[in-house]
1. Restricted to segment A:240-277, and to residues that are free of Cβ contacts under 8 Å to residues at least 12 places away in the same chain and in contact with a Gly (Cβ under 9 Å, 6 or more places away or on another chain), which residue is farthest from the other protein chains (Cβ to nearest Cβ)?
2. Determine whether segment A:397-412 contains at least one residue that is of a type in the set (D, E, K, R), under 37 Å from the mean Cα position of the chain (by Cα) and modelled with pLDDT of 85 or more.
3. Assess whether residue B:97 counts as being closer than 18 Å to residue B:144 by Cα, among the aliphatic types (A, V, I, L, M) and either surrounded by 20 or more Cβ atoms within 10 Å (Cβ to Cβ) or modelled with pLDDT under 90 (or both).
4. Being surrounded by 15 or more Cβ atoms within 10 Å (Cβ to Cβ) and either closer than 30 Å to residue B:34 by Cβ or of a type in the set (Phe, Trp, Tyr) (or both) is true for just one of B:126, B:117, B:140, B:105. Which residue is that?
5. May I ask you to verify whether residue A:365 is assigned by TED's automatic domain parsing to the domain that holds residue A:98, assigned to a helix (DSSP H, G or I) and either modelled with pLDDT under 90 or within 30 Å of residue A:97 (Cβ to Cβ) (or both)?
6. Scan segment A:160-180 for residues that are β-branched (Val, Ile, Thr) and surrounded by fewer than 21 Cβ atoms within 10 Å (Cβ to Cβ) and report the count.
7. Looking only at segment A:56-71, count every residue that is touching a residue at least 40 places away in the same chain (Cβ under 8 Å) and in a helix (DSSP H, G or I) and tell me the total.
8. Tell me the residue from A:146, A:191 that is in contact (Cβ under 8 Å) with a residue 12 or more places away in the chain and in contact with a strand residue (DSSP E or B) (Cβ under 6 Å, 6 or more places away or on another chain), please.
Amino acid sequence: MGQDSIVLLGVNHKKTPLEIREKMALTGGYQEPLEQLRGLEGLKEYYLLSTCNRVEVLFISQNPEQMRREVLDLLFAGKVSREEVAGCIYVYENQEAVHHLFMVASSLDSMIVGESQILGQLKEAFRHASEQKTAGMILNRLLHKAFSVAKRVRTETRIGANAVSISYAAVELGRKIFGDLRGKRVMLVGAGEMAELAAEHLMGQGIDDVVVANRTLERAMKLAARFKGRAIGLDEVVDQLLDVDILISSTGAQGLVLFKKDIAPLMPRRRNRPLFFIDIAVPRDLDPEINTLENIYLYDIDDLNNVVEMNREQRDKEALKARRIVEEESLKFQRWLAGMEVTPTIVDLRAVAESICQAELAKTLPRLNGISSKERKSIERMAASIVGKMLHHPMRYLKAEHACIDQTERIMQVRNLFQLNEQYEQSEE
Amino acid sequence: MSYPLFQASFTVYCIATALYIIFFLNQKKQIRKAARMVFIAAAFLHAVNILLRYIEAGHTPITSIHEVISFFAWSVACCHLSFRWRYTVKNSGTFTAVIVLLLMLIASFASRKILPLPPEMQSWWLPVHASVSIIAAAFLTLAAIGGVMYLLQERELKQKRFGFFFSRLPSLDTLDKLNQHCISIGFPLMTVGMLAGYIWARQIWGGRPWQWNPKIVMSVITWLLYAGLMHQRFTLGWRGRRAAGITIIAFFAVLLIIGSMLQEGL
């Protein structure tokens, strides 16, 4: 029986162009692909995560190499060629996989570092996996640990202030321009995580109409449905700008999307009603010259950052702190995982028994007056053999080739029964 | 009898202005409330002062320089307070209080002697013309204050350097609405004031009231400026920076007219 490996495969915004990511995205929800993966024999536990910036699969298997190929073929066959997949995919195993998952959960791997949406998406993904019972003990523990790492990062560093503050700044500026945001209309151009977040913040301020323009109409419609808005194509943006007050642009385009000459003729037709442009795309979508037009206020991501006076240094320092937490937690998890084998469990079990034995002897022996060293030895032996007999069956249960209960599960049971994890965690703190 | 009241209201305006400035700096709500109460008290004292002067003089006290400027200050204060009914403009109190105080200061330097009215001025068109015109000027003053605030705020938003004024000034939309609101009251009043002046002048000088004196030409130009601005706003949606700029320029013209009127002795 070989060693179990935790394997994480995926693509994200860093290495993979949007066109490929779009094709790989699991647009039909998690149910179907999770069901398909059930057909693969070698997978013990698995879950899937698909957001607009990443698609990831995490599974536990005894032969990672083979399963990796099979999983990729199953999920992406017909969508993208093998070569394309091979060119952009990253594969992490064990410790690295854990580390990566924690990085993702705590939003250190996000396009906008510190945004909190990813955690919700991760929880959603995990909920599907656990409903379909594809997440077992290890994944359960791993994902829950990931959530708590994210929480720790959020509370112990100010990394979250960055992303939140950008949306907050957008709202604040909107208020300074429009006074009341109620009844105003927002257009999202491109459907990135950050745009979604900013739109969400604005919705909270009473914005009542959202228009989503995206290159792929499907994604636009999905996002529009979320905000109960409308979806339009990218070529309609300029026309639609007549009725919009705030525009948030976050396309992945390489060059500029909207130019001064597109906007200038609109203003008389808008009767000069003010327009607030927020450009959170990197590289920028909106021509900086637009800001020179009257009644138009253009802010790019650096401007918004200036608003919240979060300088780069501070942000990097927080990211560093957050990385350290992730580092620390993934080591801890690694230690826990190592304990989930038979031998260390037996060692822990023995150690616990031994310490109970010693403690009881230390309490009892001084109370017995005038016993010889021989008698003393006998008592010690007796205590040791009681413990030994008590542990005999649990140990056999651990080691045996059990047909119906998985070994990991048995290890977990024993560890829970004797509270081995608690002890281990206490000693750590 | 009326002068001690003038002094009293002047002092209370001082306190109100000081409180408004403190509020502008530290943005504490209680101070704004206090400033407002003090400001209302000052305006009330000022009103009694004007009333008593009316009784003392036996005619509407808008004839001497002191009286005109004092009445102007009182009108600005009252117009400002009248906004409270409809909407509040954050921190506009500070600007208004400073202007009112400045006007009071000028009024206090002018001669307070009650002058007997020459017979040709004893027409009831005079108080109508003068009071309506000054109230119009008060609304236009507030429009100009709004314009200055707009330009300050807009500059911060455009240049993306957020300094002292950004958090303290209201939104551009509020300021633009203030501008529209003030001009749409001030402009008709100005028109009525000018018509009253025309009728009055006709009474005095008979059938040839239209004299090409610079004062009247200036008034007509100013009137056209406001009329043009109103027209452009309704038809083309002129607003914001452009409207604020024109409002400020036109306001200087208004000041010039008032100044020249006072110097020439109406």
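The values are calculated or read from the model by the stated rules, or taken from the named source; none is laboratory data. Please read these numbers as outputs of a predicted model, since none were measured by experiment. Cβ atoms come from the backbone with ideal geometry, glycine included; neighbour counts cover every protein chain shown.
1. A:268
2. no
3. yes
4. B:140
5. In short, no.
6. Number of matching residues: 2.
7. Final tally of qualifying residues: 4.
8. It is A:191.
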